[in-house]
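Working notes for the structure below.
Bear in mind that the values in this text are calculations on the coordinates, not laboratory data. Just so it is clear, the model here is predicted, and its values are computed rather than measured. Because the Cβ atoms are built from the backbone with ideal geometry, glycine has one as well, and the counts that use them run over all protein chains shown.
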Amino acid sequence: MNPIYRKTHFITSANSLGSAPPDVGNEVAFAGRSNAGKSSAINVITAQKALARVSKTPGRTRLLNFFRIDEHKRLVDLPGYGYAAVPGVVQDTWRDFLEDYLLGRRSLRGVFLLMDIRHPLTDFDRHMIDWCARAGLPLHMALTKADKLSRGAALGVLREVGQTLERTALTRISTQIFSAPKRMGVEQAHQILDEWLEFQPTGIPSPSIPDSEHSV
Ligand SMILES: Nc1nc2c(ncn2[C@@H]2O[C@H](COP(=O)(O)OP(=O)(O)O)[C@@H](O)[C@H]2O)c(=O)[nH]1
Ligand SMILES: [Mg+2]
């Protein structure tokens with residue numbers, strides 16, 4: 001693991017694109033249904049105990065939470081969608097905001113879509129897949145809580161999900177199984193992040209963005 005991930009820290013929450021950090025550098029978003037294990041995955045991936053808050057009450061996080069790895073690289077915890085107790089109007093607002101972000105954020109390099117391995121490919125996951133396809137964004141699908149199934153059963157779900165994704169309009173797609181408590185699949189997740197965030201193989205952060213790219 002590139003040790004720089006340990007330096008990741010929270011910078012801000014945003015409830016609109018306007019209140020998000022400047023749209024420069026490289027960003028990777030973590031998406032998934034409430035309770036899929038996004039926050040737990042972010043904590044394991046950054047080797048920190050409580051960077052992203054793990055919630056016992058699904059649907060609490062309604063904001064985009066931005067975490068900074070270094071000056072030009074960020075992870076984003078997207079609002080957990082699909083919590084039944086949230087009124088329809090609020091769900092619609094979330095959906096619009098998520099769509100704006102996915103289609104409009106220039107620094108977004110790809111989406112990690114986390115799905116509970118026991119409940120893959122819900123309607124919300126399919127929305128997310130459609131948006132990524134429309135935005136031309138690479139999608140990496142992590143099947144979380146793989147510790148809840150036998151290895152054989154987990155690999156079976158992985159294969160089925162892979163076959164379903166082959167029938168979508170996505171061009172850049174990868175899949176893996178993941179478990180936060182067992183630290184399963186962490187290395188694979190890092191490989192994708194390193195590539196999308198453009199870390200050098202040696203772990204040295206990439207050079208600063210030239211000034212010209214900051215000018216308006
Ligand atoms: N067994 C198991 N439980 C997990 C895993 N990941 C998350 N959880 C649990 O699932 C619940 C929701 O996790 P959280 O990370 O808050 O999900 P989020 O709503 O998607 O951010 C918590 O009780 C976690 O402890 C995993 O890989 N295995
Ligand atoms: Mg969370």
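Annotation for the range 10-49 versus the range 160-178: alpha-carbon center distance of 22 Å. Sort the chain into rounded, prolate or oblate with this rule: let a ≥ b ≥ c be the square roots of the eigenvalues of the Cα gyration tensor; rounded if a/c is under 1.5, and if a/c is not under 1.5, prolate when a/b is larger than b/c, oblate otherwise. Since a/c stays below 1.5, the shape of the chain is classed as rounded. Looking at the range 3-204 alone, DSSP beta bridges between its own residues are antiparallel in about 30 percent of cases. Structural descriptor for the range 3-204: relative contact order 23 percent, calculated from alpha carbon pairs under 8 angstrom and at least 6 residues apart.
Qualifying trypsin sites (Lys or Arg not before Pro) in the range 71-140, where qualification requires a DSSP coil assignment and no more than 12 other C-beta atoms within 10 Å, comprise R106.
Each Lys and Arg adds +1 at its Cβ and each Asp and Glu adds -1 at its Cβ; summed about the Cα centre, the range 3-204 shows a dipole of about 680 debye. Placing unit charges on each Cβ (+1 for Lys and Arg, -1 for Asp and Glu) gives the range 3-204 a dipole about its Cα centre, and among H119, L64, V76 the Cα reaching farthest toward its positive end belongs to H119.
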